[in-house]
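Following: one structure in structure tokens, then a few remarks.
The values are calculated or read from the model by the stated rules, or taken from the named source; none is laboratory data. Please read all numbers here as calculations on a predicted model, not as lab measurements. Here Cβ is always computed from backbone atoms with ideal geometry, including for glycine, and neighbour counts include all displayed protein chains. Surface accessibility is based on the protein's heavy atoms, side chains included, excluding ligands, DNA and RNA. Shrake-Rupley method; radii C 1.70, N 1.55, O 1.52, S 1.80 Å.
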Amino acid sequence: MEQTLHDRLKGNEAPFVSQFGRAAGQPQEASDSTVHQALFLANGEPVNSWVDGFAGRLAAIADNNALADDLYLSILTRRPSQEDRNDLVAYLATRPADRKGAVKDLAWALFTSSEFRFSH
Amino acid sequence: MRCDYSCRSDEHVMNRRGFLGGVAGLGLGAASGLGSLFGRSGAASAAMADQGKQMLVVWLAGGSSQLETWDPKPGTVTGGPFRAIETSVPGVKICELLPGTAKQMHRMALVRGVNTKEDDHGKGHYLMHTGRPQTPGAEHPHLGSIAARFLNPEEGPLPGYIHITPGGGGLGGSEAAILGPKYGALYLGNGQPPNNTGRPLPPEADAARHALRRRMNDRFATRRRTAETDAYTTTYEQALQLMERREVFDVSKEPERDRDRYGSHDFGRHCLLARRLLEAGSTFVQVTHSNYDTHNENFAFHLEQLGEFDQGFSTLLDDLAQRGRLDNTLVVVMSEFGRTPSINYLYGRDHWSAAWSIALAGCGIKGGAVVGKTNDKGTEVVDRQVGAGHLFHTYLKAVGLDAKGDFLVNGRNIQVADPAASPIAELLA
């Protein structure tokens, strides 16, 4: 089962390796951040299409608490704090007609956050 | 917001708060006018860009021949087929392959006594970019990273170190060494804009999600804040600046008659892009021209390459002067090393670092100066021999940087230039 998962995800590797990997033989310093990586994560196709798919599934969850749980557990592997929940509900309220778009933004923000980058 | 790493000085705290405060307001306002929110008022930052020093390096990759450029020896057994021509400086002659540049010589200085004792491409590249020999375990920052770190105002609109290459673009970071990846090079492969600078959403929507991202990061920062998390969040602000300024990378926005003057070849376009970037306030721009590693057919290749170089470079230098920018822009033309006076059986010249030349112009440089001399055949330096360390000191002095100073970077002292060397006073105005 792991092999199947690996095979399915393998295609996504290449753009990330090109941004985050180093040439063969060079030391890998995971904490170096570059503006190219930021551009890639913020605007690049892989990340934006991924959050789109992810948001499609999550936006269907009507209960905001459950949505927050799923979102934070999926991306940050932790439950949201009360402040996180409040922020999420407030943000969803700014886009009542476009729940999926709002969830997509939330997922994107979590994915590009420094917590995601450094906390696991 | 208290900054628990680095220097803890009040000044640091104030700057961080100011920077973050200015940036946090962005998400709520309209997307237009982003540029001016990233710094002091528009007028002040324009003034700063005007007074700030800038650097332009033209890198002739492969090792261009000093005998076919700055220090010709016509009529000798080593001189090759080309003649020497007069320049705008009486008594100074350069190779006939550089007629346009010859007319600019009064703005330039030549260093003909360079002896860097390094014939290897990689090590020569490192030596000329950092002013220090490459040794295992030590990494020194490039000239471009030093310029980005110490000349670029903190709120500068563009990345400090931009490198226009003939080939690949993309990642940089290791050039800055101890200064940190923020001061690494932004490579523009074949002069193309950086990837991913287009917004995937309309500006207001994008601004809204960036505001969300910042709010989450601010909350995380109260629990955990390090140099690395700051560097990471800063790259997003830099990315936004780049996106806002992406037109700057589009050389087709320059008038067509300019594109003709610079030459309808890649190097010409890259020189025009360099002018555009410098006018937009870019601190350090490097343009690489390839390929000068002429182990065979040295004369044919130099004829061709220098034809492109001469047109692009002389036009660029003249434009910078005409537009009043040359006084604040240091210009350096260099290579890893020069080429052998002796001509091999393939009509080529091989690597040669014992007696070669580089050229300078602009900020702090004495126009028309020629420092150093080689013998009749160009096989040895006979007067005022200098090395990479001296040159490096000279560049820094020309733009007003203190090369002898110690800079405290993350708790370590680094000396910006090799303390064993010193600037070449005869070159400095």
Once the mean of 1/r over all distinct C-alpha pairs in segment A:29-106 is inverted, the Kirkwood radius in Å reads 13.6 Å
May I ask you to work out the translational diffusion coefficient for segment B:177-234 at 37 °C, viscosity 0.692 mPa s, via Stokes-Einstein with Rh from the Kirkwood sum over Cα pairs, reported in whole µm²/s?
232 µm²/s
Probe 1.4 Å, protein heavy atoms only: B and A together bury a total accessible area in Å², to the nearest 100, of 3300 Å²
Calculate the spin-label point distance for B:Arg83 paired with B:Asn344, positioning each point 7 Å from the Cα along the beta-carbon direction, and give it in nanometres.
3.1 nm
Determine, from the Cβ-Cβ distance of A:Asp52 and A:Thr94 and an R0 of 22 Å, the FRET efficiency 1/(1 + (r/R0)^6), rounded to the nearest 0.05.
0.70
Please grab the % of Cα pairs in segment B:100-159 that end up more than 14 Å from each other.
70 percent
So what's the projected area for segment B:71-126, the Cα convex hull averaged over all directions, in nm²?
5.2 nm²
Do you know which residues of segment A:84-120 lose at least 40 square angstrom of accessible area in the protein assembly compared with their chain on its own, with a 1.4 angstrom probe?
A:Asp87, A:Tyr91, A:Asp105, A:Trp108, A:Ala109, A:Thr112, A:Ser114, A:Glu115, A:Phe118
How are the alpha carbon pair distances in segment B:351-400 distributed across 10 Å bins from zero to the largest one, expressed in percent?
22, 52, 24, 3
Probe 1.4 Å, accessible area per residue of segment B:50-177, Å²:
36 Å²
Amide H contacts of B:His163 (H built 1.01 Å from N, under 5 Å, at least 5 apart or other chain):
B:Leu186, B:Tyr187, B:Leu188, B:Gln286
Excluding residues on the same chain fewer than 8 positions from A:Lys10, give the aspartates and glutamates whose Cα lies under 19 Å from its Cα.
A:Glu2, A:Glu45
GluC sites (Glu not before Pro) within segment B:145-247: which are DSSP loop residues with at most 14 other Cβ atoms inside 10 Å?
B:Glu154
Looking only at other chains, what is the average number of their beta-carbon atoms within 10 angstrom of each beta-carbon in B:200-207?
3
Computed from the beta carbon distance with a Förster radius of 35 Å, FRET efficiency for B:Arg257 and B:His121 to the nearest 0.05 stands at 0.40
If you put +1 on each Lys and Arg Cβ and -1 on each Asp and Glu Cβ, how big is the dipole of segment B:297-395 around its Cα centre, in Debye rounded to 20?
340 debye
Put a dot 7 Å past each Cα toward the Cβ at B:Arg384 and A:Asp69; how far apart are the dots in nm?
7.9 nm
Cβ-Cβ FRET estimate between B:Glu304 and B:Thr234, R0 fixed at 51 Å, reported to 0.05
0.75
Tell me, what is a quarter of the convex hull surface for the C-alpha atoms of segment B:65-167, in nm² with one decimal?
10.0 nm²
How far apart, in nm, are the 7 Å Cα→Cβ label points at B:Glu247 and B:Asp218?
3.1 nm
From the P(r) of segment B:297-429, can you give the percent of Cα pairs sitting at distances over 23 Å?
48 percent
